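Please treat every number below as a calculation from the coordinates, not as lab data. This one's a predicted model, so the numbers in the text were calculated from it and none came from an experiment. Backbone-built Cβ (ideal geometry, glycine too); neighbour counts: all protein chains shown.
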Amino acid sequence: MKIDNHIKIFIVDDNNVFALTLKSDIENTFSIFPIEVKLFESGEICMSELKKENPQIVILDYQLNSRKPDAVDGIKVLDWIKEINDEIFVIMLTGNDHIDIAIKSFQHGASDYIVKTDTQFKKIIFSLSNCFKIIKAKNDSIKYLRELDDYKKHHSFE
């Protein structure tokens, strides 16, 4: 994972109103953070941008076929994301609370699973906060290891 203070978040949801509201909520909540939030209405469109943009976090709806009946579901998109970069955090969203979907999501590499309810935005913000903490810790450890290597190169231990 490269060190970058800028955090890219993709939201993949075929409900434009929900996606725009979530984007606004994230940008308002984390206004002091250098984040960039992009919206995609299908997994296929998201995947075409994923390799170019390399987001750290993807918020992914499980059901992506309300606009395009033949669209792939969130689990398939999750698999594609993990094939490209296993370190991307994927927060799976769904309108139904079936435990089988939650288990399947985690088995396929989801970082979190959130049911769309009246507390969905609070749960997403909490999940994003946790992702940010992990990203920062990874970046700090990479920076520390680089500094340690530089120190070793310039100092003899004999």
Can you tell me the relative contact order of segment 7-154? Whole percent, Cα pairs under 8 Å, sequence separation 6 or more. 20
Determine the alpha carbon to alpha carbon distance for each of 52/104; 38/123; 52/133 and list only those over 22 Å. 52/104; 52/133
For segment 136-151 and segment 81-128, write down the distance between their C-alpha centroids in whole Å. 30
In whole percent, what relative contact order does segment 34-88 give with Cα contacts below 8 Å and a gap of six or more residues? 38
Note on segment 92-156: contact order normalised by length, alpha-carbon pairs under 8 Å, 6 or more apart, percent, works out to 26
Which residue, 105, 20, 89, has the largest displacement toward the positive end of the dipole of the chain when charges sit on each Cβ (Lys, Arg +1; Asp, Glu -1)? 89
XL table 116/138; 23/68; 8/51; Cα-Cα > 20 Å flagged, in table order, is 116/138; 23/68
Identify all aspartates and glutamates with a Cα-Cα distance to residue 122 below 20 Å; exclude those on the same chain that are fewer than 8 residues away in sequence. 13, 25, 27, 36, 61, 97, 112
Just to confirm the filter: which GluC sites (Glu not before Pro) across segment 39-116 are DSSP coil and have at most 16 other Cβ within 10 angstrom of their Cβ? 87
Qualifying chymotrypsin sites (Phe, Trp or Tyr not before Pro) for segment 112-158 [loop in DSSP, other Cβ within 10 Å: at most 16]: 157
Under 15 Å from a label point 7 Å along Cα→Cβ of residue 133: give me every residue in segment 89-121 with its amide N that close. 112
Is the shape of segment 17-74 rounded, prolate or oblate, going by the alpha carbon gyration tensor and its root eigenvalues a ≥ b ≥ c, with a/c under 1.5 for rounded and a/b larger than b/c for prolate? oblate
For segment 1-64, which trypsin sites (Lys or Arg not before Pro) pass both filters: DSSP loop (anything but H, G, I, E, B) and at most 14 other C-beta atoms within 10 Å? 2
With semi-axes √(5λ) of the Cα gyration tensor in Å as the read-out, I listed (i) 32, 17, 15; (ii) 25, 23, 17; (iii) 35, 15, 13; which label goes with the value calculated from this structure? (i)
I want to check the label-to-label distance for residue 6 and residue 126. Put each point 7 Å from Cα in the C-beta direction and report it in nm to one decimal. 3.2
